[in-house]
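Q: First the structure, then my questions, so here it is.
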Amino acid sequence: MIKTRLSLLALLIAHSANAETLTNNEKINEVNIERIVVSGSRIVESIDEVPASITIINRQQIETQLKVSHELQTLLATLVPGLAPSTGTSSNSSQTLRGRSPLVMIDGVPQSTPLRNGSLGIRTVDANVIERIEVIKGATSIYGNGAAGGIINYITKKAASDKKISGKFSVSNRFSAVKLEDSSGQRVEGMINGQLDKFSYVASASYEENGLQRDAEGDVIGLKYGLSEAKMENYFTKLGYQFTDDISLQFVYNYYESKQESDLVDVVGSVNTGVKTYAIRAPEGTSALGEPQGPNNHNMMIKYTDEALFENTQLVIDAYAQDVENIFFFSPVLANLDDGYVGGQSLIKSDKKGLRVTLNSQFEWDNVEATFIYGIDALNDVTSQPLVDGRFWVPEMDMENLAGFVQSKWVIQDNLIIKAGIRHEEIDLKVDDYSTLKLCAAVDVCSVPVDVVGDVLNYRATTYNVGIRYNMADYFQPFASYSQGSDISDIGRLLRTATVTDIALIQTEASIIDNYEIGITSEINKLRLEFSAYRSTSELGTTNTYNPLTGIYVPVRAPQEIYGYEVLAIYNMSDELDITATYAWVEGKDTANDIYLGAQQISAPKGTVNVNWQPLENASLSLTYLYVGDRKKFTPEDGVYLGTNGPVDSYHIFNVSGNYEINQDWSAFIGIENLFNQDYYPSKSQAYTYSGYNVKGLGTTVNLGASYQF
């Protein structure tokens, strides 16, 4: 049994972009690499031994979706049940996982900025460097703060183990089929990788320029988190050295940048006026206000692995650093005419440095196999939200986080799996004295600035998890689990709207999320079915309320309950044809006031169908269908919808893609997004009533390209 688990690890390490399977023993022959998960327990394990809902997206699925669009929000919304629909913009605000914000990671390195959640974490790396994506659903504390909704972990590519050098290069052109004018955008990407004795390497670069993004009517989509004329570049390298059969060292660096450099300006509408927001060229003699919006993200990680520190014990040490700067759009909400500011443009700056020490020990007695995962996590996160003009909206928050954890897994008689764990978190958050900003929604409607005395806020939390799974037979594999997450996310939003003079008086307490889940997996011949239902509660959720005196939305903390279910069906009709269908429904309430939660957390129902067909040995086709249902839980106040409470009407989107292998080296591909040119507003655009947010979705857009591999 222990050899089987170690073989799983060997299989994952040896896997590369062109590796299919690895045969170590009879049991491993049956294990597909796509059925192995790392993120859920911080060890390599089979997905069929995890008592929780997990989605694994493999490289083949990623490449199929990328033929249509390189936007990760769209890819994830299509393939992950429980993740809210794509916003169609660079922001993932409202794109929650089971009604709460997920923690986004690259190879286990946090990308989200939970201290001031700008909802930009999903789009922090180019999809070209991703080998697989693991999505763990439901609150968890296995990686610490910020995983209230679960984890999205981008796992980057590994070097091919059987070649000194191999590579792939691709070029493509993307344009609107509704109105071609100025819509053409280009993309070029390349990657080389290989192994030289004990040294392995991967190096990748990509550059993309968008043209004008046009809706179904041919108009340019609005600019709030817009993608028109954005330029994206990504540079990635992964270097490894195998000192012995057991000891290895790995270095990873990734740089990602996206900037919207454009002379476009918005023609502003809103949900309440019924007029869409769209963009036009700035009139002669004027120019777009502010700096180019978008993220600038540096990631670096060093990993040391010793597979045999002691007998049956593995050691992994991760040291990582992330430096991110997210620049937002220019907003008149940040105006202060008394001081000469007609608006403002904020940016979130976050500098993280972390160290993780993880040990994994395995033991076996008769028909019981026990695994213990234990270690220490340390993190320093310094985050702030200044304005480009020099004002400070959110003061610098300096967080020191130290945590210890123990996770156990028991496999009894090969088919009964029990998992239990505990994590203790100690967080000290330092904030110096600061003043809130004077902001004016109108000439005579301004907030009153407050001088706030800083302090060191201390958080102590112990969280638990337990789960059980019984693989009685292929057709009956039920599970049940309980997990907790400790969350102090978005403290920055509480600080910037302070109305008291001492930080100790602001309601900044941590929120403990209790997550309950039951589910079942069933495999009958060529059909695989998965069903799960969940309930998530927290005593201190965070929502918004509108202050009519200042025109500003301020956070409100109140108990929340979120509940829902998900269904997935996969049918492999033949080696050439497979169909995957999903449906997810979620709802949530502020239980103190018995009111529904808005779209910032709760999405409309979502269903998807993916059909993959290989009619010829060298040709493949894929069809994707997305359904987003109605959600109408709120009534207007004095004829006006407020906050994120706008009504959502259903819509249907079809995408199609195809690939043709010309020869062993060359292939050509095509992707069409919104095949039937559905004229629609994404669900976020319908629900967010703020001025300028009601932008339409992308009209029919074509992506043509070719790739060469060696």
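The values are calculated or read from the model by the stated rules, or taken from the named source; none is laboratory data. Being a predicted model, the structure only gives us computed values, none of them experimental. As a convention, Cβ positions derive from the backbone with ideal geometry for all residues, glycine included, and neighbour counts pool all protein chains shown. With ligands, DNA and RNA removed, areas are computed over all heavy atoms of the protein, side chains included. Shrake-Rupley method; radii C 1.70, N 1.55, O 1.52, S 1.80 Å.
Q: Does SER511 satisfy being surrounded by fewer than 19 Cβ atoms within 10 Å (Cβ to Cβ), more than 20 Å from VAL382 (Cβ to Cβ) and in contact (Cβ under 8 Å) with a residue 40 or more places away in the chain?
A: Here the answer is no, as SER511 does not meet what is asked.
Q: Only one of (1) within 27 Å of the chain's Cα centre (by Cα); (2) more than 18 Å from ASP48 (Cα to Cα); (3) open to solvent by 70 Å² or more (accessible area, probe 1.4 Å) fails for TYR459. Which number is that?
A: It fails just one condition, (3).
Q: Pairs only if they're at least six apart or on different chains, beta carbon under 7 angstrom, first in segment 667-695 and among the acidic types (Asp, Glu), second buried (at least 22 other Cβ atoms within 10 Å of the Cβ) and part of a strand (DSSP E or B); list them, first residue then second.
A: Taking only residues 6 or more apart or on different chains, the pairs are GLU673/ASN655; GLU673/LEU698; GLU673/THR701.
Q: Restricting the search to segment 405-445, which residues are assigned to a loop (DSSP other than H, G, I, E, B), of a type outside the set (Asp, Glu), farther than 30 Å from GLU49 by Cα and open to solvent by 40 Å² or more (accessible area, probe 1.4 Å)?
A: The answer is LYS438, VAL443.
Listed here are the residues, each with its yes/no results for (1) closer than 20 Å to TRP666 by Cβ; (2) in contact with a Leu (Cβ under 9 Å, 6 or more places away or on another chain).
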{"residue": "ILE165", "(1), (2)": "yes, yes"}
{"residue": "ASN173", "(1), (2)": "yes, yes"}
{"residue": "VAL178", "(1), (2)": "no, no"}
{"residue": "ASP182", "(1), (2)": "no, yes"}
{"residue": "TYR207", "(1), (2)": "no, no"}
{"residue": "ASN210", "(1), (2)": "no, yes"}
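Q: So the check is Cβ under 7 Å with 6+ separation or different chains; which pairs have a first residue in segment 261-277 that's charged (D, E, K, R) and a second one that's open to solvent by 50 Å² or more (accessible area, probe 1.4 Å)?
A: These pairs meet every condition: GLU261/LYS231; ASP263/ARG281; ASP263/SER287.
Q: On to the next question. Residues being assigned to a loop (DSSP other than H, G, I, E, B) and either of a type in the set (Ser, Thr, Tyr) or without any contact (Cβ under 8 Å) to a residue 12 or more places away in the chain (or both): count how many of those fall in segment 78-93.
A: Residues flagged as assigned to a loop (DSSP other than H, G, I, E, B) and either of a type in the set (Ser, Thr, Tyr) or without any contact (Cβ under 8 Å) to a residue 12 or more places away in the chain (or both) within segment 78-93 amount to 6.
Q: Only one of ALA687, ALA668 is under 23 Å from the mean Cα position of the chain (by Cα) and of a type in the set (A, V, I, L, M); which?
A: Just one listed residue meets the conditions, ALA687.
Q: Anything in segment 217-275 that is closer than 26 Å to ARG187 by Cβ and among the hydroxyl-bearing types (Ser, Thr, Tyr)? List them, or say none.
A: TYR225, SER228, TYR235, THR237, TYR253, TYR255, TYR256, SER258, SER262
Q: Further question on the same structure: Any chance segment 663-676 includes a residue that's open to solvent by 50 Å² or more (accessible area, probe 1.4 Å), touching a Ser or Thr at 6+ places or on another chain (Cβ under 8 Å), modelled with pLDDT of 95 or more and in a loop (DSSP other than H, G, I, E, B)?
A: yes
Q: Of the residues ILE280, ILE302, ILE317, which single one is farther than 24 Å from LYS352 by Cα, in a strand (DSSP E or B) and open to solvent by 50 Å² or more (accessible area, probe 1.4 Å)?
A: None of the others qualify; the one that does is ILE280.
Q: Within segment 385-404, how many residues turn out to be open to solvent by 10 Å² or more (accessible area, probe 1.4 Å) and under 17 Å from ILE503 (Cβ atoms)?
A: Residues in segment 385-404 being open to solvent by 10 Å² or more (accessible area, probe 1.4 Å) and under 17 Å from ILE503 (Cβ atoms): 6 in total.
Q: Search segment 677-696 for residues being of a type in the set (D, E, K, R) and open to solvent by 20 Å² or more (accessible area, probe 1.4 Å), and hand back the single one that is farthest from PHE654 (Cα to Cα).
A: LYS696
Q: Please go through segment 283-299 and pick out each residue that is assigned to a loop (DSSP other than H, G, I, E, B) and among the small types (Gly, Ala, Ser).
A: GLY285, SER287, ALA288, GLY290
Q: Here's a follow-up. Condition check: open to solvent by 60 Å² or more (accessible area, probe 1.4 Å) and hydrophobic (A, V, I, L, M, F, W, C). Does VAL333 satisfy that?
A: yes
Q: GLY343 passes all but one of (1) open to solvent by 60 Å² or more (accessible area, probe 1.4 Å); (2) at pLDDT below 95; which number fails?
A: (1) is the only condition that GLY343 fails.
Q: Out of (1) of a type in the set (Lys, Arg); (2) farther than 20 Å from ASN465 by Cβ; (3) modelled with pLDDT of 95 or more, what's the single condition that is false for ARG98?
A: (2)
Q: Look through segment 212-247, keep the residues that are in contact with an Asp or Glu (Cβ under 6 Å, 6 or more places away or on another chain) and of a type outside the set (A, V, I, L, M, F, W, C), and return whichever of them is nearest to ASP318 (Cα to Cα).
A: ASP246
Q: Would you check if GLN709 is polar (S, T, N, Q) and touching a Lys or Arg at 6+ places or on another chain (Cβ under 7 Å)?
A: Yes.
Q: Mind listing whichever residues of segment 171-230 are under 30 Å from SER248 (Cβ atoms) and β-branched (Val, Ile, Thr)?
A: ILE192, VAL202
Q: Could you look through segment 87-100, keep only residues that are under 21 Å from ASP514 (Cα atoms) and under 9 Å from the mean Cα position of the chain (by Cα), and pick out the one that is surrounded by the most Cβ atoms within 10 Å (Cβ to Cβ)?
A: Here the residue is LEU97.
Q: Tell me, yes or no, whether segment 118-126 has at least one residue that is within 25 Å of GLY467 (Cα to Cα), basic (Lys, Arg), buried (at least 24 other Cβ atoms within 10 Å of the Cβ) and under 14 Å from the mean Cα position of the chain (by Cα).
A: no
Q: State yes or no: is GLY699 surrounded by 15 or more Cβ atoms within 10 Å (Cβ to Cβ), small (Gly, Ala, Ser) and at pLDDT below 95?
A: no
Q: Filter segment 189-223 for residues that are of a type in the set (D, E, K, R) and open to solvent by 20 Å² or more (accessible area, probe 1.4 Å); which is nearest to the chain's Cα centre (by Cα)?
A: Among residues in segment 189-223 that are of a type in the set (D, E, K, R) and open to solvent by 20 Å² or more (accessible area, probe 1.4 Å), the one nearest to the chain's Cα centre (by Cα) is GLU208.
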